[in-house]
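Chemist: This is the structure I have questions about; it appears just below.
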Amino acid sequence: MKRRVFAALLIGSAVGGSLRLAAETSNEVKILAMKFDFTPDTVKAKVGQPMTLVLTSMDRIHGFKMPDFGIRTDILPDQETRVTITPQKAGSFTFFCDIFCGDGHEEMNGTLVVEA
Amino acid sequence: MLQPDRRDFLKLAGVAGVTFTAGLFPGQRASAQAAGNFHFVQFSDTHWGFSGPPNPDAEHTLEKAVATVNGLAQQPDFIVFTGDLTHTTDDPKVRRERMKRFREIVSALRVKDVRFLPGEHDASLDKGEAYKEFFGATHYTFDHKGVHFITLDNVSDPAAKLGDEQLAWFAADLKQRKPDDRIVVLTHRPLFDLQPSWDWTTADGAKAIELMMPYKNIVVFYGHIHQENHHMTGHIAHHAAKSLIFPLPAPGSQPKRAPLPYDAAMSGLGTRDVTMADKVTLVELPVAKG
Ligand SMILES: [Cu+2]
């Protein structure tokens, strides 16, 4: 069974990524988490354009942290965790798993590429 | 008791060391000094059980470091291991085998007063269960010659948190100290935000630092980042130690936090001698005597 989890997360960061409870946005990107990868591990975004990351784990609990956007949430198996961001600045921003998940945890990361 | 001159100490030690001295006990008073000078050795991130190109010598590096420390002419009062004693594994049986073998290797240390604390590789997958079987409590205090040591566990919670319970314990312990007591905090991960994009933080580390602020003579030794690093949060110095498995790049110096390529001289690896006197003096020790 799949449940939708609406993640209410902190707002505010140096980059100014704003965040709100996800409503249906046309711009959704699914990201799968599985030891020790995010798929896809490069996600494209556009400055000023809201986008929703739909996070699901295929195996165990993982974390999703994007410090530049002040975002962190757990990613649970068989659940969708939705995070909406509106990037305010172009650049490459790292996201990574912040729940230790085994030998390879340190390499479990990806990049959000924000284009102007 | 012996009050070795620092240069004599280095000469007697017979190893090339890099010395780092700082007035890390700025509020130090003569009375505290009278409590006695001593030195201890910090090992960190030995990752017993790791194998791979970042360290083709992984099966022997720890033994070499043990031999080097055993060769110090002035043996330390005690030795502390600041986490990641073993490299992680999903198999609880293999985890215990690694801990057992690690303990055998370090039992060759001449100094028998050895203190351990866990890293996430030891404790995060089973919340410290196997670690406690082999090494006991994951956070505790001890006193040595007038210095109060507090070890903090920021790894048994896989989200890299100290947690409210441990923070309350830490606060209660600190409450018993006077503002100018000499205090050393030992932990695995940086308590401050060293490099958030590489997860070089402790989720609630800022709370621990806040609790430490009223104490004038408090210093932190940690590991996790596999390199020497010295950082101040206000008047509090935080010193990261090298690992004994592979060095990692300087914080933020490259896009990814990947091990640095193997260097047969193992210049990025080592242990550290810490002298506690009116100042804290660090001497970085190589893996093996040159
Ligand atoms: Cu993970």
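Chemist: For segment B:195-225, which residues satisfy the criterion of being more than 12 Å from every other protein chain (Cβ to nearest Cβ), in a loop (DSSP other than H, G, I, E, B) and hydrophobic (A, V, I, L, M, F, W, C)?
Modeler: Hit for segment B:195-225 is B:213, nothing else.
Chemist: Mind checking which residues of segment A:37-70 are open to solvent by 50 Å² or more (accessible area, probe 1.4 Å) and either within 14 Å of chain B (Cβ to nearest Cβ) or near the ligand (Cβ under 9 Å from one of its atoms) (or both)?
Modeler: The answer is A:37, A:41, A:42, A:59, A:60, A:61, A:68.
Chemist: Return the residue satisfying two criteria in turn: it lies in segment B:86-130 and is assigned to a loop (DSSP other than H, G, I, E, B) and basic (Lys, Arg), and of such residues it is surrounded by the fewest Cβ atoms within 10 Å (Cβ to Cβ).
Modeler: B:112
Chemist: Could you give me the residue pairs with C-beta distances under 9 Å whose first residue belongs to segment A:42-69 and is touching a residue at least 40 places away in the same chain (Cβ under 8 Å) and closer than 29 Å to residue B:161 by Cβ, whose second residue is away from the ligand (no atom under 16 Å from the Cβ) and basic (Lys, Arg) wherever it lies, and which are 6+ apart or on separate chains?
Modeler: A:68/A:89
Chemist: Sticking with this structure for a sec: Within segment B:129-150, can one find any residue that is within 14 Å of chain A (Cβ to nearest Cβ), aromatic (Phe, Trp, Tyr) and touching a helix residue (DSSP H, G or I) at 6+ places or on another chain (Cβ under 7 Å)?
Modeler: yes
Chemist: Answer yes or no as to whether residue B:257 is part of a loop (DSSP other than H, G, I, E, B), of a type in the set (D, E, K, R) and buried (at least 20 other Cβ atoms within 10 Å of the Cβ).
Modeler: yes
Chemist: I'd like to verify a number: residues in segment B:131-155 that are free of Cβ contacts under 8 Å to residues at least 12 places away in the same chain and assigned to a helix (DSSP H, G or I), how many?
Modeler: Residues that pass the stated criteria total 1.
Chemist: Can you tell me which residue within segment A:91-116, out of those that are part of a loop (DSSP other than H, G, I, E, B) and among the aliphatic types (A, V, I, L, M), is farthest from the other protein chains (Cβ to nearest Cβ)?
Modeler: Restricting to residues being part of a loop (DSSP other than H, G, I, E, B) and among the aliphatic types (A, V, I, L, M), the top hit is A:116.
Chemist: Are any of the residues in segment B:234-243 away from chain A (no Cβ under 13 Å), more than 16 Å from residue B:170 (Cα to Cα) and among the charged types (D, E, K, R)?
Modeler: Within segment B:234-243 (the criterion being away from chain A (no Cβ under 13 Å), more than 16 Å from residue B:170 (Cα to Cα) and among the charged types (D, E, K, R)), the answer is yes, since at least one residue qualifies.
Chemist: Look through segment B:163-179, keep the residues that are aliphatic (A, V, I, L, M) and more than 18 Å from residue B:219 (Cβ to Cβ), and return whichever of them is nearest to the other protein chains (Cβ to nearest Cβ).
Modeler: B:167
Chemist: Consider segment A:72-90. How many of its residues are surrounded by 15 or more Cβ atoms within 10 Å (Cβ to Cβ), in a strand (DSSP E or B) and within 16 Å of the ligand (Cβ to nearest atom)?
Modeler: So the answer is 6.
Chemist: Among the residues of segment A:94-111, count how many are more than 10 Å from the ligand (Cβ to nearest atom) and crowded, with 24+ Cβ neighbours inside 10 Å.
Modeler: The qualifying residues number 1.
The values are calculated or read from the model by the stated rules, or taken from the named source; none is laboratory data. Just so it is clear, the model here is predicted, and its values are computed rather than measured. Methodologically, a virtual Cβ is constructed for each residue, glycine included, from the backbone with ideal geometry; neighbour enumeration extends over all protein chains shown. These accessible areas exclude ligands, DNA and RNA; they are computed on the full protein's heavy atoms, side chains included. Shrake-Rupley method; radii C 1.70, N 1.55, O 1.52, S 1.80 Å.
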